[in-house]
1. Can you pull out every residue in region 59-69 that is surrounded by fewer than 16 Cβ atoms within 10 Å (Cβ to Cβ) and in contact (Cβ under 8 Å) with a residue 24 or more places away in the chain?
2. Considering only residues that are in a loop (DSSP other than H, G, I, E, B) and at pLDDT 75 or above, which ones fall in region 6-29?
3. Being open to solvent by 50 Å² or more (accessible area, probe 1.4 Å) and under 22 Å from residue 17 (Cβ atoms) is the filter here; which residues of region 34-55 pass it?
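The values are calculated or read from the model by the stated rules, or taken from the named source; none is laboratory data. The structure presented is a predicted model; accordingly, all values stated were derived computationally and were not measured. Don't worry about glycine lacking a Cβ; one is built from the backbone with ideal geometry, like all the others, and counts go over all protein chains shown. Each accessible area value is taken on the protein alone, full model and side chains, heavy atoms only, with ligands, DNA and RNA left out. Shrake-Rupley method; radii C 1.70, N 1.55, O 1.52, S 1.80 Å.
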Amino acid sequence: MPLWQTFNKKGMAKGRKMKYNDSFPARAIKLTEKGLSHREICEKLGISKMAFYQYRNEFPEFDDALKKD
């Protein structure tokens, strides 16, 4: 695909919309408390590892939910 086709009319890059859901932090807390690994949490939330780390960077509440005390 030519590079020009990867941008919309406003010059913004095209891509998938995020699957992030406001319920992810609460679900992540429960999964972390059960001792699940990051890989297992990704599976339970239905997201890729790449999306998992992107969400940690973009959503502080999600990152905070994954931090162990």
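1. 61, 64, 68
2. So in region 6-29, the residues in a loop (DSSP other than H, G, I, E, B) come out as 8-12, 14-23.
Those that are in a loop (DSSP other than H, G, I, E, B) and at pLDDT 75 or above: 19, 20, 21, 22, 23.
3. If the condition is that a residue be open to solvent by 50 Å² or more (accessible area, probe 1.4 Å) and under 22 Å from residue 17 (Cβ atoms), then 43, 44, 48, 49, 50, 53, 54 are the ones that fit.
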